[in-house]
Amino acid sequence: MTTEVFGKHKWGMVVDVDRCTGCQACVLACQVENNVPLNTQERYERARGMAWIRVERYWEGEFPDVKARFIPILCQHCENAPCEPVCPVFATYHNPEGMNVQIYNRCVGTRYCANGCPYIVRFFNYWEPVWPESFRNHLNPDVTVRSRGIMEKCSFCMQRIRRGVRNAAKENRELEDGEIQTACQQACPTDALVFGDIDPDNNRTNPGRAYSMINDDRAYTLLPRLNTDPNVIYLAKVDPDREGGAGGH
Amino acid sequence: MQQRRDLSQTHTNRVLLNSQLNTPSWWLPTVILLGIVVIIGWVVIGFILNKGLGVTGLSRPVFWGLMIVTFVFWVGISHAGIMISAILRLTQAEWRRPVTRAAELLTVFSLLTALLFPLIHEGRPWRAYWYAPYDFARGIFPSVRSPLVWDPSAIGTYLTGSTLFLYVALLPDLGNLRDRTTGWQKVFYTMLALGWRGNPRQWKLQTIGGILLSALMLPIFVSVHSIVSWDFAVTTGVEGWHSTIFAPYFVIGAVHSGVSAVVTMMALMRWLWKWGDFIRPEHFDALARLLIVVATGWLGFTFLELIFALYTLEGPELALREMQIFSWPWNVWFIVFLLTGYFIPVPLWLFKKVRNNIAMMFWTSILVNIGMWLERFFIVVPGLARKTPFTFAWESYKPSPIEWFLLGWSVAWVSFLMLLFARFFPLVPLFEQKESQVFTTNVKIGRASVPAIIREQE
Amino acid sequence: MATDRHSHTEVSHEHPSAPSAGEVVEDLVAATGAGVTFRRVAYILGFLAVLGVVGVIGKAVTVGGDTTKWGYVAAVMAFLLTAGGGAPMVAIAPALAKANWVRPASRIAAMFSLIGIVTSLLLIPLLVLLPSLVVEETRRRSVWFEAPVYSPHVWGMMALVGLTVTGLALFYASALPDFAAMRDHSTGWRQRWGEKLSRGWRGTDVQWRSLRMRIGMFGTLYFLLLVFTHFLISTDFAMSMVPGWRDAIFPMYHSVSSLQAGIASVTLALWVARRYGGLERYLHLDQFWALGKLLFAFSLLWFYFFFSAFIVFWYGRANADIAFLDLLIRGPMVYGFATAFVLCFFAPWWLLIWNRLRVSVNGPAAVAVVVLFGLLVDRVRLYVPSWSVPGDRIHDSYLTDIPATIWPDAFDILTIIGAVSAAVLLMLLASRAVPAVSIWEVQQMNLLSRPVQFLRTHGVLVAKPD
């Protein structure tokens, strides 16, 4: 298959904070799909745990009037990514589909990209990843197992995108909206995560679901002051107690 | 001010070449002891390469730790050489002469050490050559937008320039040594001396070479630590790093720590080789005066850095500064940093008695370098530990024993290299010393006898 | 200096035979006389200074309290602080480093502290207009944090007045022996003036010792106050009026460019004194060459301090960073910035790197004019856009709408011309009241250095007393 079928989309994700219950299903699904090493207790205690998507939990208000707020955070796939220019060996770069991709083979492990990332969604393999014997056959064959000494991060389930686009091309049809689902989206019980093409040109005749959500009144991006221009758009929490209804994080 | 002291050329030769012609008895045991530490250190580095960076205390998001701090520290020390030999040469400060070579040497060896740390701090150091525009088979040029590509270029240029500078200034002394040795040593020095005969043409070329290198090194001197500082300052995502003051702040801090390191070394040279005739209290006095000015400037920059960190009164920045200054155990270290970096040494240097006391200068200069190391720690680590509003990723950092060992090892390694060099080459430039003898004299003004210098123009 | 022995052989530095101590007194006291041309120039400058007052009043009448229109007045205030405030450092810093060449220049350098009077006067309308710390019930961003609302006004004025007073104290303290010389060697009002101001100077050991101590003390204090004043003026009158502009290097950039401007103004003043003041015998190539070297170094530093800020903003690309670039570099003041960049850095760099120009009397003076004009433009490109930010946007986290270019109106031009003329007039008048080249410094210089023959070349033997 030639590469010509790629580069026609601009991928993005909408995270509806209002729907998120903080159940962590996305975290688990991502772990399994992307061969992310197991987070043992020791790793968590040394703050070296890896979770390409994580759910942050904040408490709002004073006891007894306390509310828990959840916000899933994954790589924002910024258009203006601070992690990209700092890499000396082009291990991380912006691909034509609007995604921020990590090329494992090129990485030398300076960890400069991780310092540059304000969302802290980049992970370093401090050790060689090890799986218990019983897990050996559970690894996803479509995803590289990363060795020690390199960075990794959310890839928007690149392997699924590639397969979806290829299948559509093979069957000589347009890719349908919602045909490609990321692992986290698939696992989300409340449908809080929506992945899709957010390029305005591709959505002119038949707007996809993600695209129709990014223009919502509740839409916002994380840390806008840094001008990173993320491709992950959040929809604010609807809070009936609060004026205007928008709260979120 | 350099007091006139008549030292005959024979005496100068005998005393300053004592290490080459008849090795002092303490030299071999010291070198062996340091050598053992050095070997252990290389074994530890091998261990890190074998096991991976898991053996350090690094975490997420404190991705850079003690090794980067130590890297910045040694790059800072390396600024001593150019400060002493180039800037003071261009400004015609007479008192620089006895320490130029030692300062240059410190530059070269500390740069070598500094280069090592980011290398072993990488995830895959065996791929480090990908930084160089060399591996064309891959078809990927290094990213010139990355400060990590600017860094090796700047430091590499600095190292090359310093080595040349050192060598050019060594030539007359190599000729001297060649004429005073026999056997294999004679062959060794003959090869290195490049046919130095000391005729007017050679002196002229040597002088022009020295001045040209001084002038060319000045921009490098400023740019090296500026570029190191931009590793941090261009990063928007880390509170406390994205500050415009970093470049000059790093440079003046580097001069502060580098000149202090030269003072430490001068005291050691005076004690170990008994060079009291050549390295005299007035040299310490002059360096201490220079240090008072530099340190005060540095303190001003520190003040500006803190003021403008708080300037916008934004949450994350305040959280960072609160941790850095008020929370245990940072607060204790912050006080130690201020005391050792400025408030103990500088007020002491205001007294002429202290400036002329070699032991006091030795200890205060060591204090400065403790403070300056802490300063780099305070710049690199807290910013990462309290990176952004995402409090779930706030972390602390506890360096592992291996990282602490490597910090100590780096000192042993530089000392080892210095001692090894001192065995084969004179640490005090003989020709500078003799030149100084020729150019200084005493004049009578009224009833007073005042030291005077012959200059080409004033 | 051995290392220089071969490098500049083609340049001749023959010292004209040094005048005797008595001749020095006669010459320099006589040089304070005022001729017809001098009076004419002084009247013209006085007239222009009055026009400057008209300019400020006209501005107040036409635009009133609209701060966005006052940028040029702020810029000329900053320029006078830059050019006048930095100049006395030329008298202080080399003297602390025991450089001999500076001695004939130190009087003129210290004299520049008089310009502080004009600067302080210009500051008054600006203080009235300066938005207070609490604007629309929100505290605007500033270095004053929780300080009382009157803070920037009081401290800014105190710093500037303190700087001026310290500078004048330095000027007066170092002029005591010369007043005594005027008392002893002149007639008429000069003699009475010298008698009054010399305060019983007899040249005893104690008096000389306390003179040296005073110069050291006032000099150090002046330097600290200079940095402090630049810190206050640059933050309160420029940076904190632009939302989101957080630039820790800016006060330092301001101070360093002030030293650059100070060197340039001293060079220019020396050139004028030499050309029109009849002081050829006392101001030589040595002074101009040394100042040329300093000017070269500080022009490079201008770029370094500018670039240190620029790269951080340019690489950072956060909204506030982009707003900074848009407002001060590529936005309304793009031509101003380009001019300042060329005149403050590029031109001095390429002109002074040329030996024939640097090692001459006219070369450094010409470059000094270039640099001074460049710094005037530089202050304009910094202060005018800063003042043009409307008061209701001053709290934003960054600047969203970049204001349009503001061109100077007639009153702005009158103010600039008037303020500069007033400053020059003050300097001219001062040079009639006290010798423009310090008598005792020249005498000491001649005492401490003498030409010698060294092997086959000529050199100078310089004594360096502690």
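The values are calculated or read from the model by the stated rules, or taken from the named source; none is laboratory data. Just so it is clear, the model here is predicted, and its values are computed rather than measured. Using ideal geometry, Cβ is built from the backbone for each residue, glycine included, and neighbour counts are taken over all protein chains shown. With ligands, DNA and RNA removed, areas are computed over all heavy atoms of the protein, side chains included. Shrake-Rupley method; radii C 1.70, N 1.55, O 1.52, S 1.80 Å.
Rounded to the nearest 20, the Cβ-based charge dipole of chain B about its Cα centre (Lys and Arg +1, Asp and Glu -1) stands at 1340 debye.
On average, how many beta carbons from a partner chain sit within 10 Å of the beta carbon of a residue in C:301-311?
On the way: counts 2, 0, 0, 7, 4, 0, 2, 14, 5, 1, 8.
Across C:301-311, the average partner-chain Cβ count within 10 Å equals 4.
Within 10 Å of each candidate Cβ there may be at most 16 other Cβ atoms; applying that plus a DSSP loop requirement, which trypsin sites (Lys or Arg not before Pro) in the stretch A:1-110 survive? Write down the numbers at each step before the final one.
On the way: sites: A:8, A:10, A:19, A:43, A:46, A:48, A:54, A:57, A:67, A:69, A:106; in loops: A:8, A:10, A:19, A:46, A:48.
In loop regions of the stretch A:1-110 (DSSP not H, G, I, E or B), the sparsely surrounded trypsin sites (Lys or Arg not before Pro) are A:8.
Loop-located trypsin sites (Lys or Arg not before Pro) in the stretch B:407-455 (DSSP state other than H, G, I, E, B) with a sparse environment of at most 11 neighbouring Cβ atoms within 10 Å: B:447.
Partners of residue B:434 within straight-line reach, counting aspartates and glutamates whose Cα lies under 12 Å from its Cα and excluding those fewer than 8 residues away in the same chain: B:6, B:173.
Between the residues C:94, B:324, A:168, the greatest Cα displacement towards the positive end of the dipole of the protein assembly as shown, with unit charges on the Cβ of Lys, Arg, Asp and Glu, is found for C:94.
Based on the alpha-carbon gyration tensor of the stretch A:81-122 and its eigenvalue square roots a ≥ b ≥ c, which shape applies: rounded if a/c is under 1.5, prolate if not and a/b is larger than b/c, or oblate? Walk me through the intermediate numbers first.
Numbers: a/c = 1.73, a/b = 1.07, b/c = 1.61.
Taking the square roots of the gyration eigenvalues as a ≥ b ≥ c, the stretch A:81-122 is oblate.
Accessible area per residue for the stretch C:18-446 is 38 Å², calculated with a 1.4 Å probe on protein heavy atoms, without ligands, DNA or RNA.
For the stretch B:1-56, just run the numbers: alpha carbon Rg, then divide by 2.2 N^0.38 Å, N being how many residues it has. Could you put the intermediate results ahead of the total?
Details: Rg = 21.2 Å, N = 56, 2.2 N^0.38 = 10.2 Å.
For the stretch B:1-56, the normalised Cα radius of gyration is 2.09.
Contact-buried residues of the stretch B:379-405, at a threshold of 50 Å² lost accessible area versus the chain by itself: B:387, B:390, B:392 (1.4 Å probe; DNA, RNA and ligands ignored). Taking the stretch B:24-107 as the region of interest, what is the percent of Cα-Cα pairs per 10 angstrom bin, listed from the shortest bin to the one with the maximum distance? Histogramming the stretch B:24-107 at 10 Å steps yields 14, 24, 29, 23, 9, 0 percent. Placing unit charges on the Cβ atoms only, positive for Lys and Arg and negative for Asp and Glu, gives the stretch C:18-446 a dipole magnitude near 1060 debye about its Cα centre. The residues of the stretch A:3-235 expose on average 44 square angstrom of accessible surface per residue, using a 1.4 Å probe on protein heavy atoms. Taking the 1.4 Å solvent-accessible surface of the stretch B:9-453 as the whole, the part contributed by carbon and sulfur is 72%.
How large is the helix-only mean residue ellipticity at 222 nm for chain B, computed as the sum of -39500 (n - 2.57) over DSSP H runs with n ≥ 4, divided by its residue count, in deg cm²/dmol to the nearest 500? Could you put the intermediate results ahead of the total?
Numbers: 18 runs with 302 residues, N = 458.
Rounded to the nearest 500, it is -22000 deg cm²/dmol.
Overall, the anisotropy analysis places the stretch B:181-221 in the oblate class: the square-rooted eigenvalues a ≥ b ≥ c of its C-alpha gyration tensor yield a/c not less than 1.5, with a/b not exceeding b/c.
Using only protein heavy atoms and a 1.4 Å probe, how much accessible area in total is buried between A and B, to the nearest 100 Å²? Don't jump to the answer; show the numbers that get you there.
Values: alone 13610 and 21270 Å², together 30850 Å².
Chains A and B together bury approximately 4000 Å².
Within the accessible area of chain A, the carbon and sulfur atoms contribute 50%, probe 1.4 Å, all protein chains present.
Per the Cα gyration tensor, chain B maps to an equivalent ellipsoid with semi-axes of 40, 27, 21 Å, ordered largest to smallest. The antiparallel fraction among DSSP beta bridges confined to chain A stands at about 85%. Compared with its chain on its own, the stretch A:65-91 contains the following residues whose accessible area drops by 30 Å² or more in the full protein assembly (probe 1.4 Å; ligands, DNA and RNA excluded): A:80, A:85, A:86, A:88, A:89, A:90. Considering only C:283, C:135, C:82, and ranking their Cα positions along the charge dipole of the protein assembly as shown that arises from unit charges at the beta-carbon of Lys, Arg, Asp and Glu, the one farthest toward the positive end is C:283.
Based on C-alpha pairs under 8 angstrom that are at least 6 apart in sequence, chain C has a relative contact order of 29 percent. Once the gyration tensor of the Cα atoms in chain C is diagonalised, the equivalent ellipsoid follows with semi-axes of 41, 26, 20 Å, ordered largest first. Ranking B:111, C:121, B:313 from most to least accessible surface, computed with a 1.4 Å probe over the protein chains only, gives C:121, B:313, B:111. Among the residues of the stretch B:103-128, those with an accessible-area drop of 50 Å² or more from chain alone to full protein complex, heavy atoms and 1.4 Å probe, are B:123, B:124.
Solvent exposure of chain B amounts to 37 Å² per residue of accessible area, where only protein heavy atoms count and the probe is 1.4 Å. With contacts taken as Cα pairs under 8 Å at a separation of at least 6 residues, chain A carries a relative contact order of 29 percent. Between residue B:277 and residue B:14, residue separation times 0.36 nm minus the direct Cα-Cα distance comes to 93.5 nm. Placing a label point 7 Å from the Cα of residue B:411 along the Cα-to-Cβ direction, none of the residues of the stretch B:218-254 has a backbone N under 14 Å of that point. Rg and Dmax of the stretch B:106-241, based on Cα coordinates, read 20.0, 62 Å. What's the longest piece of chain B with no exposed chymotrypsin sites (Phe, Trp or Tyr not before Pro), counting a site as exposed if DSSP puts it in a loop and it has at most 14 other beta carbons within 10 Å? With a cap of 14 other Cβ atoms within 10 Å, the longest stretch comes to B:135-350. Projecting the Cα atoms of B:271, B:293, B:79 onto the charge dipole of chain B, computed from C-beta unit charges around the Cα centre, puts B:271 farthest toward the positive end.
For chain B, what does the relative contact order come out to in percent, with C-alpha contacts under 8 Å and a separation of six or more? It rounds to 30 percent for chain B.
On association of chains B and C, roughly 5100 Å² of accessible area becomes buried (total for both chains; probe 1.4 Å).
Relative to its residue count, the protein assembly as shown spans a Cα convex hull of 202 Å³ per residue. Dipole size of the stretch A:3-235 about its Cα centre, with +1 on Lys/Arg Cβ and -1 on Asp/Glu Cβ: approximately 740 debye, rounded to the nearest 20. Once the Cβ-Cβ distance of residue C:452 and residue C:57 is raised to the sixth power relative to R0 = 60 Å, the FRET efficiency obtained is 0.50. Distances longer than 18 Å among the Cα atoms of the stretch B:76-135: what percent of all pairs is that? That tail contains 50 percent of the Cα-Cα pairs.
Top to bottom by accessible area (1.4 Å), largest first, where do A:84, C:26 land?
On the way: A:84 25, C:26 105 Å².
The residues order as C:26, A:84, largest area first.
In the stretch C:18-446, what percent of the accessible surface is made up of carbon and sulfur (1.4 Å probe, ligands and nucleic acids excluded)? Show your work: numbers first, answer last.
Working: 11410 of 16480 Å².
For the stretch C:18-446, the apolar C and S fraction of the accessible surface comes to 69 percent.
Across the cross-link table entries A:170/A:237; A:153/B:398; B:274/B:353, which are compared at the Cα atoms, the separations over 30 Å belong to A:170/A:237.
In this simple spin-label model, placing a label point 7 Å from the Cα along the Cα-to-Cβ direction at both residue A:170 and residue A:239 gives a separation of 4.9 nm.
Annotation: residue A:45 carries an accessible surface of approximately 130 Å², with a 1.4 Å probe and no ligand, DNA or RNA atoms counted.
For chain A, what is the calculated [θ] at 222 nm in deg cm²/dmol (nearest 500), taking -39500 (n - 2.57) for each run of four or more DSSP H residues and dividing by its residue count?
On the way: 6 runs with 43 residues, N = 249.
Value at 222 nm, helices only, nearest 500: -4500 deg cm²/dmol.
With a Förster radius of 25 Å applied to the beta-carbon distance between residue A:143 and residue A:204, the computed FRET efficiency rounds to 0.15. Taking every DSSP helix (H) stretch of at least 4 residues in chain C, weighting each as -39,500 (n - 2.57) and dividing the sum by the residue count yields a mean residue ellipticity at 222 nm of -22000 deg cm²/dmol.
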